[in-house]
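This report concerns only the one structure given below.
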Amino acid sequence: MTTQVPIANSELHTLTAVNVPGQAYQLRVFLPERYYDSDTTTYPVLYLLDGDYAFAMATDVLRYLVYGGEAPELILVAIAYDSVKMSSDGGTNMRVRDLTPFPAENRPGSGGAENFRRFVQDQVFPFVELSYRAAPSDRALWGHSLGGLFGLYVLFTSPELFQRYIIVSPALRYGSRDAFDLEKEFAQTHSEFPSTEFTLSEAEGLRTGPAKLYLAVAEFEYYYPPFPKFVRILQSRQHKNLEMQTQVLTGATHFSVVAEGLARGLKAVFGKPSLFETLLRAIQAQGIEFALNLYHDLKQNEFDRYNFAESELNALGLYLLANNQVSEAIEVFKQNLVAYPNSWKARDGLGQAYRAMDQSSK
């Protein structure tokens, strides 16, 4: 007899859509590890499309990023059908109907995105924000393939619904009209996106800023050819209140891109620039003294923008040590000890660096 492995910190709910008669959806919810340690802390929410496929994968990706300090703790809400089989194959998965804005000749029943959008806005949001300590001003949306097309549909028709968008391998050319039409119609009547508030951290609270969009595609897939043109058009608009990152994921395919696109997207829309990477490049280009001066300048003038967690300098010091840049590693560990004087990691790292220096001098 085998036992199924449950996903820790997860809960399951069922909602019946009012405007899609007879359609019941699953909401698969994943909560932060410390969620029940407090009754006041609120969290951003990442809404996942294609929840039957994406939920388990997304929980693991998020765990790793939170553990590494590269993403904040979030509530995940996956919208699912309790089936990976399409209705045409005898299943109950209605993604083709729900995620497509316009009907396609070869896909009967497609074109129901507006009804699905209304279900998310009118039923899913209120349920989640009543049931959990979810920040209504900090919602994110992840979608892949047709889910990416739905994400663009929302971005260009109801951009205020979400403050962060992670859109991976979108089906840009699909149906009687397509994402190019959606973008063009938005640009004809809008020069900016709604400004919004973001939760930087529990301590830092909310900050007003632009909507964030991460838009990616795999190098080896059929959705790649129209992608560069779409990006060029969107960039040429120079919309206010939109912070956009685009990426072609080298070596990836339409399906291998899913987890990588989510991880990179989470870092892009929720994370802060890596202090490790910034200082390492500074050391490589202009040396340790320049890098330390840059560190102090960033800490004084751009503290909210960068990740100044202890782990950043610790990881940089260990990298330099492994690369036999012992004197540089010592300076980095010294700085980490100044910033975190009670940290055993900072002391241990500095001790390792001094031992390496002693051994190299023998």
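Just name one of Tyr214, Ile233, Ile166: the one whose Cα is farthest towards the positive end of the charge dipole of the stretch 10-270 (beta-carbon charges, Lys/Arg +1, Asp/Glu -1). Final value for the positive-end residue is Ile233. Springs between Cα atoms under 10 Å define the GNM used for the chain, and in it the highest mean-square fluctuation of Gln23, Gln121, Gln286 occurs at Gln286. The long axis of helix 257-270 is offset from the longest Cα principal axis of the chain by roughly 70 degrees. The charge dipole of the chain, taken about the Cα centre with unit charges on the Cβ atoms of Lys, Arg (+1) and Asp, Glu (-1), comes to about 480 debye, rounded to the nearest 20. When the listed pairs Lys85/Lys272; Lys299/Lys345; Lys240/Lys267; Lys85/Lys212; Lys272/Lys334; Lys212/Lys334 are checked against a 26 Å cut-off, the alpha-carbon distance exceeds it for Lys85/Lys272; Lys85/Lys212; Lys212/Lys334.
Judged by the gyration tensor of its Cα atoms, with axes a ≥ b ≥ c, the stretch 14-114 is prolate; a/c meets the 1.5 cut and a/b is the larger of a/b and b/c.
Of the residues Ser195, Asn93, Ala104, the one whose Cα sits farthest toward the positive end of the charge dipole of the chain, with +1 on the Cβ of Lys and Arg and -1 on the Cβ of Asp and Glu, is Ala104. Considering only Leu262, Leu279, Asn336, the residue lying farthest towards the positive end of the dipole of the stretch 248-361 is Leu262, judged by Cα position with unit charges set on Cβ. Sorted ascending by nearby beta carbons within 10 Å, beginning with the fewest, Asp358, Asp39 become Asp39, Asp358. Each of His190, His296 was scored by other Cβ atoms within 10 Å of its Cβ. Listed from fewest to most, they are His296, His190.
According to the Cα-based calculation, Rg over Rh for the stretch 275-361 is 0.96, with Rh computed by the Kirkwood formula. Measure nothing fancy, just the Cα-based angle from helix 344-361's long axis to the longest principal axis of the chain, in degrees from 0 to 90, nearest 10. Roughly 50 degrees, rounded to the nearest 10.
Let me check I've understood the local charge: for Glu312, count other residues with C-beta under 12 angstrom from its C-beta, Lys and Arg +1, Asp and Glu -1. What total comes out?
On the way: positive: Lys272, Lys299, Lys345; negative: Glu70, Glu277, Glu310.
Combined, the nearby Lys, Arg, Asp and Glu give 0.
Please give the contour-minus-distance gain from Val248 to Lys85: 0.36 nm per residue of separation, less the Cα-Cα distance, rounded to one decimal in nm.
Numbers: separation 163, 0.36 × 163 = 58.68 nm, distance 2.92 nm.
This chain segment gains 55.8 nm when fully extended.
Against the chain, whose longest principal axis comes from its Cα atoms, helix 310-322 is set at around 60 degrees. Springs between Cα atoms under 10 Å define the GNM used for the chain, and in it the highest mean-square fluctuation of Val326, Val96, Val29 occurs at Val326. Here is the size of the stretch 152-304 from its Cα atoms: Rg then Dmax, 18.0, 59 Å. Among Ser137, Ser169, Ser256, the largest mean-square fluctuation in a Gaussian network model of the chain (Cα springs under 10 Å) belongs to Ser256.
So the label point goes 7 Å from the Cα of Ser191 along Cα→C-beta, right? Which residues of the stretch 222-240 then have their backbone N under 18 Å from it? Counting only backbone N, you get 234-240.
Roughly how far apart, in whole Å, are the Cα centres of the stretch 88-150 and the stretch 168-194? First find each Cα centre; the distance between them is then 17 Å. As a proxy for reagent exposure, ranking Thr14, Thr2, Thr42, Thr253 by other Cβ atoms within 10 Å from fewest up yields Thr2, Thr14, Thr253, Thr42.
Read the figures in this text as sums done on the coordinates, not as results from a lab. Fair warning: this is a prediction, and the values are worked out from it, not measured in the lab. Because the Cβ atoms are built from the backbone with ideal geometry, glycine has one as well, and the counts that use them run over all protein chains shown.
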